Structure formats: structure tokens, C-alpha cells
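Everything on this sheet refers to the single structure shown next.
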């Protein structure tokens, strides 16, 4: 099953901490929540009618395509600076949790890349582990 999510990829932000009634609470930053909702809504629109989330071991292929900043020299071909690739993966997997698969613990293999492109997007492929 393949998906294409249009828009600039957003990495998973670190949890923020606050205290409420003398107790510490952690929460996900608003930018991360908005990115997850954006990914989730685009994926839901691409799911076949009547789709049931996978409940078996899975492999995932994730290709992150970012727009190249104008300040980046032409000789730089890959986005080898922060944010880290694993933070993009976390955003994608959290957005897909309960929608494409029952639990992200079912993902047993991931192949991921981070590239520059003229059109920012995330390409995702999910296949059953055979």
C-alpha cells in the first residue's frame, strides 16, 4: 500500500513539560500535533473504502523530500544537517498509528531516506512482512 503526503515534512518535536497541581505533565508540541494531523488526514483520504488497519508484521519504506533552502550551496546534494531522519520517521509512524496499522509495534523493518526535491512530500509504502 502506497501513500504520498504533500507538503513540507515536519520532524517530531521533543515533548514539552509543564507542572499542573504540583505534578509534572508532558505534552506534544502543537507543531508536531498539526503535522501528524496533516499526514493522517492525507493518508485517510487515500485509503480504500472499508480498509481495516493491518494487524500483522510490516515493512515500511519512507522517503522524505524537503525543499532545498536557497542559502544551501549547489554542491550540497543531500540534507545532511538537522533535523534527524529518525524524527521524521517518528512523526509519520505516529500519524499512521491506528489508521494504517493497529499499533506501530507491528513495524518490524524500516528503510528511510531524506532528500532534497522541488516538491516537498513524504512517500510511504507499507507491505506485509513475508
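Taking the criterion of being surrounded by 12 or more Cβ atoms within 10 Å (Cβ to Cβ), over 16 Å from the mean Cα position of the chain (by Cα) and in a loop (DSSP other than H, G, I, E, B), would at least one residue in the stretch 52-61 satisfy it? The answer is yes; a qualifying residue exists. Remark: residue 8 matches the filter, which requires a residue to be out of contact with any strand residue (DSSP E or B) (no Cβ under 6 Å at 6 or more places or on another chain), more than 12 Å from residue 95 (Cα to Cα), in contact (Cβ under 8 Å) with a residue 40 or more places away in the chain and not in a strand (DSSP E or B).
Only one of the numbered conditions (1) closer than 30 Å to residue 130 by Cβ; (2) assigned to a loop (DSSP other than H, G, I, E, B) is violated by residue 78, and that is (1). If the condition is being closer than 16 Å to residue 5 by Cβ and in a strand (DSSP E or B), then the stretch 111-130 contributes 112, 113, 114, 115, 121, 122, 123, 124, 125, 126. Out of curiosity, is residue 3 over 12 Å from the mean Cα position of the chain (by Cα), in contact (Cβ under 8 Å) with a residue 24 or more places away in the chain and surrounded by 13 or more Cβ atoms within 10 Å (Cβ to Cβ)? No: the conditions fail for residue 3.
Each reported figure results from applying straightforward, stated rules to the coordinates on display, with no laboratory input. Note that the coordinates shown come from a computational prediction; the quantities given were computed from them, not determined experimentally. Heads up, the Cβs are rebuilt from the backbone with ideal geometry, glycines too, and the neighbour counts pull from every protein chain shown.
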